[in-house]
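The values are calculated or read from the model by the stated rules, or taken from the named source; none is laboratory data. Values in this document were obtained by computation on a predicted structure and should not be read as measured data. As a convention, Cβ positions derive from the backbone with ideal geometry for all residues, glycine included, and neighbour counts pool all protein chains shown. Just the protein is used for accessible areas: all its heavy atoms, side chains included, with ligands, DNA and RNA removed. Shrake-Rupley method; radii C 1.70, N 1.55, O 1.52, S 1.80 Å.
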Amino acid sequence: MHLVLSRVDGGVLATPLTDAGTADGEPIRLDEPRLPAFIAERDAPGVRWVWDDTARWYPAVLAAGGRVGRCVDLRLCRRILRQALAARGSALAAAPKDALDAPVPEQRVVRPTQAQLFDDALFAGSAPDGDVDPVAEFRAQLDAVSGSGALRLLLTAESAGALVAAEMLHAGLPWRADVHERLLEETLGPRVPYGVRPRRLEEIAAVVRERLDDPTLNPDSPADVLRALRRVGLMVTSTRKWELQEIEHPVIEPLLEYKRLARLLTANGWTWLDEWVRDGRFHPKYVVGGVVTGRWAADGGGAMQLPKGIRGAVIADQGWKLVVADAAQLEPRVLAAMSGDQAMASAGDGRDLYDGVVASGAVETRQQAKVAMLGAMYGATQGEGGRLVPRLVRAFPRALDLVERAARAGERGEPVTTLLGRTSPVPEDSWFEARKQAYTVEGTPAMQRAVESRARSWGRFTRNFVVQGTAAEWALAWMGSLRSRLVSRFPGAVTDGPHLVFFVHDEIVVHAPEEHAEWVAVQIRQAAVDAGRLLFQDFPVTFPLSVAVVDAYSEAKD
């Protein structure tokens, strides 16, 4: 049974529907304050709650000490279906845009421009006006996925992810503000007012100015630093870390250290601590599917990256433990499975996949294997990655053919899909028009080079889209399975038993009572097996995990 929730005249209407979307009883009207109790009474293994936005409906249930087993998040599902190739031709795909097409204001996702292809999150736009009938929308979505079991599975996983994100926001990640303060003081010096450079940063800034012979240099200004570097003969194009690391000059080491500490101050310094940590918890605000590949993003707070320098402040409560798990070489293993490349799957069977690549004879060292694999997935054509990729082509032809075909499709401006059917955006009309114009009689070699460069950039995006997006689907399945396992044994309020508190792409953290921590570690491993089977059935690929039961997050990291 599905129970579709909508707000009407200050109250809530719950409409029962069958799995096929037909009426399954009379609608039930109730006052909004009664909703958490109503959900507690009706939630059961056979019930799925349908609402326009999990972040809008679920917090009240969690605040009342409840939770739901399953849901359909119409907003997240609509976003996927609007773009999905498998839903092309459906009435939903062709329908005019309405309020459901725009996420809540702080969570708007847009199609990438050429410069944004690999951004972590893409937010912009404004919401169309008008209400949406959730019953009609649910029926339209059922019709749109009627011919695709994979796409239906993706919508289920995305909606489960919305429940996980809401529960992590509610529970919060254990955080010791006093430890955070101490770590900042040890690294940066005593606390200073906002806008004042801490002692350690000021000391390093003085060294940078001296070695660039520029006593007025503002090291926080990339433009000023770039000009200063060029004045001393360093012809760099940016101040990015990867470019500076290639240069030999006395200023590079202090400059990189300054950038590292300045990033810590900006992203997780005292201002962040004051804003984001309350009552011993950091409440991460995730944006499910906030990246076009389906990866999650963060709505402020930097939840998708906590630097090593402050992980020591993430400490379990007294009598509790943190169970930290991350998947080893997730994307290459996903590539092996989705391409059906038995040789690559065998390389990672029961061992480090990069060591397996070395054992296959494709390369000589583990570092070469890593560089080559990243080059294959991100389209390296130069440097060591570009040199080593052809060796992988010979060793693992099916895997490399999959990403190569995705890249060629992107270069033509065509969409590609993940394993479950999330579909990539296509370039804007101007992209195609410029390509067409470059090859007319008015076109020039310079125009042709420009459009081909843009085409290769889009090809690198689609090459990675199919792998990164499918890895995101595996992570959703992993978290969904783990959540189900935890709820089945601890069905009460989220924080009464072991619960997920943090997630970053291929890593999860569970806060668990000490006596249940080892059991949780087992469930995490089993959930990874579940995710592999759900997506890849009986294909012989393994997803090994590193699992640690610790008191502090920093103890689980290298």
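Data for the structure
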read-out: Under Karplus coefficients 6.51, -1.76 and 1.60, residue-wise ³J(HN,Hα) of the range 249-255 in Hz, glycine/proline x; value: 6, x, 7, 5, 4, x, 5
read-out: Average accessible area per residue (Å²) across the chain - probe 1.4 Å, nucleic acids and ligands excluded; value: 45 Å²
read-out: Diffusion constant of the range 449-529 at 37 °C, which comes from Stokes-Einstein with the Kirkwood Cα-pair radius and 0.692 mPa s, µm²/s; value: 222 µm²/s
read-out: Surrounding net charge for GLY386, when Lys and Arg each add one and Asp and Glu each subtract one, Cβ distance under 13 Å; value: +3
read-out: Accessible surface of the chain, 1.4 Å probe, proportion on carbon and sulfur as whole %; value: 50 percent
read-out: Share, in percent, of DSSP beta bridges within the chain that are antiparallel, nearest 5; value: 85 percent
read-out: Net +/- balance of residues flanking VAL416 in space, Cβ distance below 13 Å, scoring K and R +1, D and E -1; value: +3
read-out: Using θ = phi - 60° and Karplus 6.51 cos²θ - 1.76 cosθ + 1.60, couplings along the range 257-267 (whole Hz; Gly, Pro as x); value: 5, 4, 4, 5, 6, 5, 5, 4, 4, 6, 7
read-out: Option label - Rg and Dmax of the Cα atoms in Å computed here, alternatives (1) 28.4, 97; (2) 25.3, 79; (3) 27.2, 83; value: (2)
read-out: Gyration tensor (Cα) of the range 1-101, equivalent ellipsoid semi-axes in angstrom; value: 26, 15, 14
read-out: Whichever aspartates and glutamates have a C-alpha closer than 12 Å to that of LYS321, once near sequence neighbours (fewer than 8 apart) are set aside; value: GLU514, GLU515, GLU518, ASP551, GLU555
read-out: Charge dipole (the chain, unit charges on Cβ, about Cα centre) - positive-most of GLY383, LEU188, MET168; value: GLY383
read-out: Cα→Cβ-extended label distance, 7 Å offset, between GLU515 and ARG408, nm; value: 6.1 nm
read-out: Alpha-carbon centroids, the range 497-557 and the range 230-278: separation in whole Å; value: 33 Å
read-out: Exposure ranking of ASP401, ASP352, ASP214 by accessible area [1.4 Å probe, largest first]; value: ASP401, ASP352, ASP214
read-out: Which of ALA477, ALA298, PHE432, positive extreme of dipole for the chain (C-beta unit charges); value: PHE432
read-out: With DNA, RNA and ligands ignored, accessible area of VAL291 (1.4 Å probe; Å², nearest 10); value: 10 Å²
read-out: Heavy-atom accessible area ranking, 1.4 Å probe, most first, across LEU374, LEU212; value: LEU374, LEU212
read-out: Among the listed pairs LYS241/LYS557; LYS308/LYS557; LYS241/LYS308; LYS259/LYS308, those beyond 20 Å (Cα-Cα); value: LYS241/LYS557
read-out: Charge sum, other residues only, whose C-beta stays under 10 Å from VAL466's C-beta, Lys/Arg counted +1 and Asp/Glu -1; value: +3
read-out: Computed label-point distance, nm, for sites ARG182 and GLU275 using a 7 Å Cα→Cβ extension; value: 2.6 nm
read-out: Estimated FRET transfer efficiency when R0 is 22 angstrom, pair ARG489-ASP19 (beta carbons, to 0.05); value: 0.25
read-out: Spin-label pair VAL8/ARG231, simplified geometry with 7 Å Cα→Cβ offset, distance in nm; value: 7.1 nm
read-out: Ranked order, LYS97, LYS321, LYS285 - accessible area, probe 1.4 Å, largest first; value: LYS97, LYS285, LYS321
read-out: Difference of contour (0.36 nm per residue) and Cα-Cα distance, VAL441 to ARG34; value: 139.5 nm
